[in-house]
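The values are calculated or read from the model by the stated rules, or taken from the named source; none is laboratory data. Just so we're clear, the structure is a prediction, and the values are computed from it rather than from any experiment. A quick note on method: Cβ atoms are made from the backbone with ideal geometry, for glycine too, and the neighbour counts reach across all protein chains shown. Each accessible area value is taken on the protein alone, full model and side chains, heavy atoms only, with ligands, DNA and RNA left out. Shrake-Rupley method; radii C 1.70, N 1.55, O 1.52, S 1.80 Å.
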Amino acid sequence: MTYPIGCPTGHNFGIMWTNKEAITLPAGGRVLGPENYFAVVVDQIQGHEVLGWHVEDRQGNRSLNLGGPGITNIDLVLGQGRITGQALLKDIGRAALLRL
């Protein structure tokens, strides 16, 4: 599903894509983002924990491992600008830095 993101005064900041239903990936599985711009890759699962997963761009560049103990699902926010940098990632980013 696609949603516009804007401020209360009507300035458009961008769009948000979400899945209507959850995607389940096994270890070694991957799912491609819109227009193959990126891929989410699951590296290691143990029980209900996702111990290893990363994002790859079209050129094969990989993020660091975003999984670890206590991580039981994958939520991904990509982008830049006010919405991503100041709003969505403020608390999420702090928690990830503490964990990593």
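So, LEU66, is that one of a type in the set (A, V, I, L, M), outside any strand (DSSP E or B) and modelled with pLDDT of 85 or more or not?
Here the answer is yes, as LEU66 does meet what is asked.
Check whether at least one residue in the stretch 32-50 is among the aliphatic types (A, V, I, L, M), more than 13 Å from the chain's Cα centre (by Cα), under 25 Å from LEU98 (Cβ atoms) and at pLDDT 90 or above, and report yes or no.
Yes, there is a match, as at least one residue in the stretch 32-50 is among the aliphatic types (A, V, I, L, M), more than 13 Å from the chain's Cα centre (by Cα), under 25 Å from LEU98 (Cβ atoms) and at pLDDT 90 or above.
If a residue must be open to solvent by less than 100 Å² (accessible area, probe 1.4 Å) and either in a loop (DSSP other than H, G, I, E, B) or within 15 Å of VAL77 (Cα to Cα) (or both), how many such residues does the stretch 33-63 contain?
Result for the stretch 33-63: 15.
Which one is modelled with the highest pLDDT, of the residues in the stretch 69-80 that are within 23 Å of ILE5 (Cα to Cα) and in contact with a strand residue (DSSP E or B) (Cβ under 8 Å, 6 or more places away or on another chain)?
The selected residue is ILE74.
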